[in-house]
Amino acid sequence: MSTTESSPTPAKRNGGDLVVESLTALGASTVFGLPGQHALGVFDALRRSALRYVGLRVENNAGFAADAYARTTHGVAPLLVSTGPGALMTLAALQEAAAGSAAVLAIGSQVPLAGIGGGRHGYLHELTDQSASFRGVVKSVHTARTASQIPSAVAAAWESALSAPHGPVWLEIPQDVLLAEVDVPPVTQLDATPRELMPRPELIAAAADRLTQAGRPVILAGGGVVRAGAEAELLALAEQLRAPVATTFGGKGAFPWEHPLSLRSWLEDRYTTAFLEDADTLLVVGSGLGELSSNYHTFRPRGRVVQIEADLGKLESNHAALGIHADARTALAALVKEVGGRDGGGVGTAYVPTPEAAVSDLLARVRDRIAGQHLDLEQQVLASVRDALPDGAVSCWDMTILAYWAWSAFDPRRTNALHSAQGAGGLGYGFPAALGVAVADPARPVLAVSGDGGAMYSIAELATARQYDLPVTWLIVDDGGYGILREYMTDAFGEATATELTRPDFVALAESFGVPAVRTSPEQLRTDLAAALAAPGPSVVVLPAHLRMFAPTHLNS
């Protein structure tokens, strides 16, 4: 008998292992998702990997969590789902990721190879063309039909998601390819570094010339500034030019809220719109001047516009401009250098008495307009949330009246600290997004804000919060229905239809998941919310309140 010990049988690897190994080689540490029959090959491979898996209860919510994780880390968030219904359930989340430029790499399974091609073979979850459902939503669609194609397909999808502008991508792999045994070495190295989107020098020179010669330069900073990490460059340029800066709702935090040149984010305000229109040169960075950023397309610039935009489709899509197709950080850095080498020309000379005084006057007029509408409760609630939230904490907001207030009036106190669903505008974003942020940075508390209608989209994820013990406090503003739609319909038609909702006892429901909960009041909100945020693990705070929106200004323009 031989005394030599036999070597252990090496573990069999399959196509799912190639997916997991490829993600790991590209730098992934965490994946989100929900398993399904056709995707079991890749989920089994997770067991043999060092990747951290965070499973949610609904695919759409898993997509929202991945979206916020990508926004928080400025990286790629892998999302693993199954074929057919599982895949299609991600579409609303991927639309939000596309609108918010979040780099979500969605990997879905497919029916076996024999069922692909449009035939009606009767496979479980079969669609005539599954990938067609995604082409109008994501940046790019990828398919791997053999095991050898998987690493390159994952790398190509990763590079697409992370190329400027960031965005979601879709990769699908048939069930039998994921399950098939492979006899190739493990994937250890892949390169998917995107090409940096640099500005053309002649355009930077022309933009610098217009800005330095301007008497009333103004800057509008969008979400592209935050995604590019260009806050320092924006601040440097604004101070060189003495140019007032407004931020879009997606760009909140791009510029210090209390800076003397900060116009803040009152974009749904006619005074702000007029201020932007009056600029003799308006620099728009990282924004397409879409519906919300242009006060519902009432913005009519009277001066020249310079636009820096990484998304080629948004360049000059709404207003004629000197268009610079570039990443916000590289373009702003080039402008800082170019402007710094000039004598300043006419910068700020047309402001009476100073740019800083013009900013102060504008903000005073905005405050007076809001004060005249007797919205003390709404301002009290928003102030209580701000006071209770630690300066370093992140907040995630659903489509609810308090979030609409926050878009304009909330100081995030740091960059990349406020995320919302204002891009695509679907319900249910706030709580699962907050879970994604907490996964990315579990050392800090995270606040989610929803209305009672939006909260019902995400109730199942209370189990996720409890399972992973994530430090998310969920503020649910309970007004008995779809509050903003109630206002819209009442204003337009005299009464509301289909807006009133039967809802559960949210406190009792949260406690049934093992999540501490409390019912509060506007007077007690600051104290109760601060206590919940300071406690470990998840919690729920329910605020029964009917909040109103401030009056719009675009309807009379």
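When the Cα positions of Leu91, Val154, Phe493 are compared along the charge dipole of the chain, Val154 comes out farthest toward the positive end, with charges on each C-beta of Lys, Arg, Asp and Glu. On a C-alpha basis, how far is the centre of region 254-284 from the centre of region 104-118 in Å? Whole number, if you could? If you average the Cα positions of each part, the centres end up 47 Å apart.
Ordering Ile370, Gly55, Val352 by the projection of their Cα atoms onto the charge dipole of the chain, which places +1 on the Cβ of Lys and Arg and -1 on the Cβ of Asp and Glu, puts Val352 at the extreme positive end.
The Cα-based radius of gyration of region 54-106, divided by its Kirkwood radius, gives an Rg/Rh of 0.93.
In a reduced charge model with +1 at each Lys and Arg Cβ and -1 at each Asp and Glu Cβ, the chain shows a dipole moment near 540 debye about its Cα centre. In order along region 229-239, phi translates into HN-Hα couplings of x, 9, 5, 5, 5, 4, 4, 4, 5, 4, 6 Hz, rounded to whole numbers, per the Karplus curve 6.51 cos²θ - 1.76 cosθ + 1.60 with θ = phi - 60° and x for Gly and Pro. Charge dipole (Cα centre; +1 on Lys/Arg Cβ, -1 on Asp/Glu Cβ; no other charges) of region 22-124 amounts to roughly 200 debye. Along its first, second and third principal axes, ordered by size, the chain spans 98, 59, 51 Å in Cα coordinates. On the chain, 53 percent of the accessible area sits on carbon and sulfur atoms, based on a 1.4 Å probe.
Given 0.36 nm per residue, what is the gain on full extension from Glu196 to Ala534 after removing their alpha carbon distance, in nm? Before the final figure, lay out the partial values.
Values: separation 338, 0.36 × 338 = 121.68 nm, distance 4.07 nm.
That pair, Glu196 and Ala534, stretches by 117.6 nm at full extension.
Equivalent-ellipsoid semi-axes for region 86-127 (Cα gyration tensor, √(5λ), whole Å, largest first): 27, 10, 8.
Treating each Cα of region 453-497 as an identical point scatterer and summing with the Debye formula, the log10 of I(q)/I(0) at q = 0.18, 0.28 Å⁻¹ comes to -0.64, -0.99.
Using the Cα coordinates of region 152-305, the gyration tensor eigenvalues translate into equivalent-ellipsoid semi-axes of 41, 18, 13 Å, sorted from longest to shortest. Along region 139-148 the Karplus relation, 6.51 cos²θ - 1.76 cosθ + 1.60 evaluated at θ = phi - 60°, assigns HN-Hα couplings of 5, 7, 10, 10, 9, 10, 9, 9, 4, 5 Hz to successive residues, with x for each Gly and Pro. Since only Thr281, Val226, Leu203 are under comparison, the one whose Cα sits farthest along the positive direction of the charge dipole of region 162-312, derived from C-beta charges on Lys, Arg, Asp and Glu, is Thr281. In the chain the longest region clear of trypsin sites (Lys or Arg not before Pro) that are loop-assigned by DSSP and have at most 12 other C-beta atoms within 10 Å covers 303-557. Rounded to the nearest Hz, the phi-derived 3J(HN,Hα) couplings of region 90-99 under the Karplus curve 6.51 cos²θ - 1.76 cosθ + 1.60 (θ = phi - 60°) are 7, 4, 5, 5, 5, 5, 5, 4, 5, 5, where x marks glycine and proline.
So what's the net charge close to Lys314: Lys and Arg +1, Asp and Glu -1, counting the other residues with Cβ under 15 Å from its Cβ? Result for the neighbourhood of Lys314: -3.
Tell me, what is the per residue accessible area of region 18-68 in Å², probe radius 1.4 Å?
Values: 1550 Å² over 51 residues.
With the other protein chains kept in place, region 18-68 gives 30 Å² per residue.
In summary, the convex hull built on the alpha carbon positions of region 102-197 has an orientation-averaged projected area of 6.9 nm².
Distant-in-sequence amide contacts of Ile324, defined by a placed amide H-H separation under 5 Å and a gap of 5 or more residues or a different chain, comprise Gln307, Ile308, Glu309. Inter-part distance, region 360-378 to region 143-193, computed on C-alpha centroids, equals 52 Å. Amide H to amide H distances under 5 Å link Asp478 with Leu543, Ala545, where only residues 5 or more positions off or on other chains count and H is placed in the peptide plane.
With all distinct Cα pairs included, what does the Kirkwood hydrodynamic radius of region 350-494 come out to in Å, to one decimal, could you say? Intermediate results must be reported in sequence, preceding the final value.
Numbers: mean 1/r = 0.0596 Å⁻¹.
Answer for region 350-494: a Kirkwood hydrodynamic radius of 16.8 Å.
Give the percent of DSSP beta bridges with both residues in the chain that are antiparallel, rounded to the nearest 5. In the chain, approximately 5 percent of DSSP beta bridges are antiparallel ones. Per-residue ellipticity at 222 nm, computed for the chain from helices alone with -39500 (n - 2.57) per DSSP H run of at least four residues, works out to -11000 deg cm²/dmol. Between Arg503 and Asp343, the simple spin-label model (points 7 angstrom out along Cα→Cβ) gives 6.3 nm. The Cα center of region 299-348 and the Cα center of region 482-557 differ in position by 40 Å. Put simply, the C-alpha atoms of region 1-136 give a gyration tensor, and the ellipsoid matching it has half-axes of 30, 22, 11 Å, longest first. Modelled this way, with points 7 Å down the Cα-to-C-beta line, the labels at Ala357 and Ala463 are 6.4 nm from one another.
The values are calculated or read from the model by the stated rules, or taken from the named source; none is laboratory data. Since this is a predicted model, take the numbers as computed values, not measurements. Please note: Cβ atoms are built from the backbone with ideal geometry, for glycine as well, and neighbour counts cover all protein chains shown. Accessible surface areas use protein heavy atoms only, side chains included; no ligands, DNA or RNA. Shrake-Rupley method; radii C 1.70, N 1.55, O 1.52, S 1.80 Å.
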